[in-house]
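The values are calculated or read from the model by the stated rules, or taken from the named source; none is laboratory data. Small disclaimer: the values here were computed from a predicted structure and weren't measured. Reconstructed Cβ throughout: ideal geometry from the backbone, glycine too, with neighbour counts over all protein chains shown. Surface areas here come from the heavy atoms of the whole protein model, side chains and all, with no ligands, DNA or RNA. Shrake-Rupley method; radii C 1.70, N 1.55, O 1.52, S 1.80 Å.
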Amino acid sequence: MRGVLMHAPGDFRVAERERPTVVEPTDAVIKVTATCVCGSDLWPYRGAQPFDAPSPIGHEYVGVVEEVGDQVTTVRPGQFVVGAFCASDNTCENCRAGYQTACVHRRWMDEMGAQAQYLRVPLADGTLVATPGTPDEDLVPSLLTASDVLATGWFAAEAAHAGPGKTVAVVGDGAVGLMGVLAARQLGAERIIAMSRHENRQKLALEFGATDIVTERGDTGVAGVKELTGGLGAHSVIEAVGTQESMLQAIRSTRPGGHIGYVGVSHDVTLDGQELFFSHAHLHGGPAPARRFLPHLIDLIWNRQINPGKVFDLQLPLEEAAEAYRAMDERRAIKVLLRP
């Protein structure tokens, strides 16, 4: 089969890979209908995250079940499924508490390499969720977002306690930040401030429910949020980048007693204890437990209550994955969908 392999920073290629098979009785193998490039995939692409070469990559996927192991009971061949970006048994104590990305049997799907024609999914019963039927073609991009970015944005909004009467600020205008805007709107936030310097992303943020745009970064951006909130800061802040600047911007944009949902994959972030101590801010985040949200998100998409698939502003065949990475790295695309 064909799939993406990481050879070196900036050198991600589509090549022949061994077609996966059922290895464990809890496995499923799916034929991938759609996959995509994640913002977090750019960390190794840019050389900011080490990897062994050549290695597969990709953790966002939807597709049709081809084969299941003897112990799989919740999905069957022929079903269209959405899978979480982290495989979990969904039965251990951490999973039952709603933190499937802390499952005691956790497997990161990047190890399997979802940017490919076929994909082995470990712990299929706890990882895959079948849709009510075969989706209409126009629903596929939205269902794909539920695998990671939509679920991650939703987790960030919930962790930030977004809801009725709240002002939410979103730090980061990538796909996750934009999904955070959508989630905050669905959770009933009264005001949503999207922090973005890019016109196309601002436009999409407004479509997803943002009420205000702040174009500045850093302390100047913080001042913009304070100006919109009577000098207090937002009740809820979503941090969707993972850098030192973005985390400090999030903390400083939060009013005393406010909540920060941080889901940007942290790279070289260190926090000053004194500043954090006197901020009175609540921090909660980490890798989103996508499996917790999948049934609800699939239902919203299936019934056309939300259309998160708009975040894909470029679609390419899998064979052009190298161009997909370049487009996202150069910010020519927000998020690229790949068709195997």
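What the table below lists for this structure:
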item: Residues satisfying the stated conditions in the stretch 72-98, i.e. over 13 Å from GLY126 (Cβ atoms) and part of a helix (DSSP H, G or I); result: GLU93
item: Residue identified as open to solvent by 10 Å² or more (accessible area, probe 1.4 Å), assigned to a strand (DSSP E or B) and of a type outside the set (Lys, Arg) among GLY261, GLY257; result: GLY257
item: Cβ-Cβ under 7 Å pairs, at least 6 apart or on other chains, the stretch 58-71 side within 10 Å of VAL121 (Cα to Cα) and without any contact (Cβ under 8 Å) to a residue 60 or more places away in the chain, far side open to solvent by 50 Å² or more (accessible area, probe 1.4 Å) and not β-branched (Val, Ile, Thr); result: VAL68/ARG76; VAL68/PRO77
item: Verdict on GLU137 being of a type in the set (D, E, K, R), closer than 30 Å to GLY230 by Cα and at pLDDT 95 or above; result: no
item: Among residues of the stretch 190-201, those that are open to solvent by 40 Å² or more (accessible area, probe 1.4 Å) and part of a helix (DSSP H, G or I), counted; result: 2
item: Per-region count, the stretch 71-106, residues farther than 21 Å from SER40 by Cα and crowded, with 17+ Cβ neighbours inside 10 Å; result: 10
item: Checking THR211 against (1) at pLDDT below 95; (2) among the β-branched types (Val, Ile, Thr); (3) open to solvent by 50 Å² or more (accessible area, probe 1.4 Å), the condition it does not meet; result: (1)
item: Any hit, the stretch 113-122, residues being at negative phi, in contact with a His (Cβ under 7 Å, 6 or more places away or on another chain) and open to solvent by less than 20 Å² (accessible area, probe 1.4 Å); result: yes
item: Residues (closer than 22 Å to MET179 by Cα and at pLDDT below 95) located in the stretch 248-280; result: GLY264, VAL265, SER266, HIS267
item: Pairs with Cβ under 7 Å, 6+ apart, first in the stretch 186-207 and under 22 Å from LYS166 (Cβ atoms), second part of a loop (DSSP other than H, G, I, E, B) and hydroxyl-bearing (Ser, Thr, Tyr); result: ARG191/THR211; ILE192/THR211; SER196/THR215; GLN202/SER196; ALA205/SER196
item: Selection count where residues are assigned to a loop (DSSP other than H, G, I, E, B), over 20 Å from LYS335 (Cα atoms) and touching a residue at least 24 places away in the same chain (Cβ under 8 Å), scope the stretch 267-303; result: 9
item: Sole residue being more than 22 Å from ASP125 (Cβ to Cβ), without any contact (Cβ under 8 Å) to a residue 60 or more places away in the chain, open to solvent by 50 Å² or more (accessible area, probe 1.4 Å) and of a type in the set (A, V, I, L, M), chosen from ALA8, ALA15, ALA53; result: ALA53
item: Filtered residue count, the stretch 21-50, keeping only those that are open to solvent by 20 Å² or more (accessible area, probe 1.4 Å) and not aromatic (Phe, Trp, Tyr); result: 15
item: Verdict on TRP154 being open to solvent by 40 Å² or more (accessible area, probe 1.4 Å), within 18 Å of the chain's Cα centre (by Cα) and hydrophobic (A, V, I, L, M, F, W, C); result: no
item: Residues that are part of a helix (DSSP H, G or I), open to solvent by 20 Å² or more (accessible area, probe 1.4 Å) and not hydrophobic (A, V, I, L, M, F, W, C), drawn from the stretch 214-229; result: ASP219, THR220, LYS226, GLU227
item: Enumeration of residues in the stretch 243-254 that are in a loop (DSSP other than H, G, I, E, B) and either of a type in the set (A, V, I, L, M, F, W, C) or under 19 Å from ALA184 (Cβ atoms) (or both); result: SER253
item: Matching entry among LEU232, LEU187, LEU206, LEU182 (being touching a Phe, Trp or Tyr at 6+ places or on another chain (Cβ under 6 Å) and either crowded, with 16+ Cβ neighbours inside 10 Å or farther than 18 Å from TRP154 by Cβ (or both)); result: LEU182
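Residue by residue, here is whether (1) surrounded by fewer than 17 Cβ atoms within 10 Å (Cβ to Cβ); (2) farther than 29 Å from LEU128 by Cβ holds:
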site	(1), (2)
HIS267	yes, yes
GLN274	yes, yes
HIS284	yes, no
ALA290	no, no
ILE298	no, no
PRO308	no, no
TYR325	no, no
VAL336	no, no
PRO340	no, no
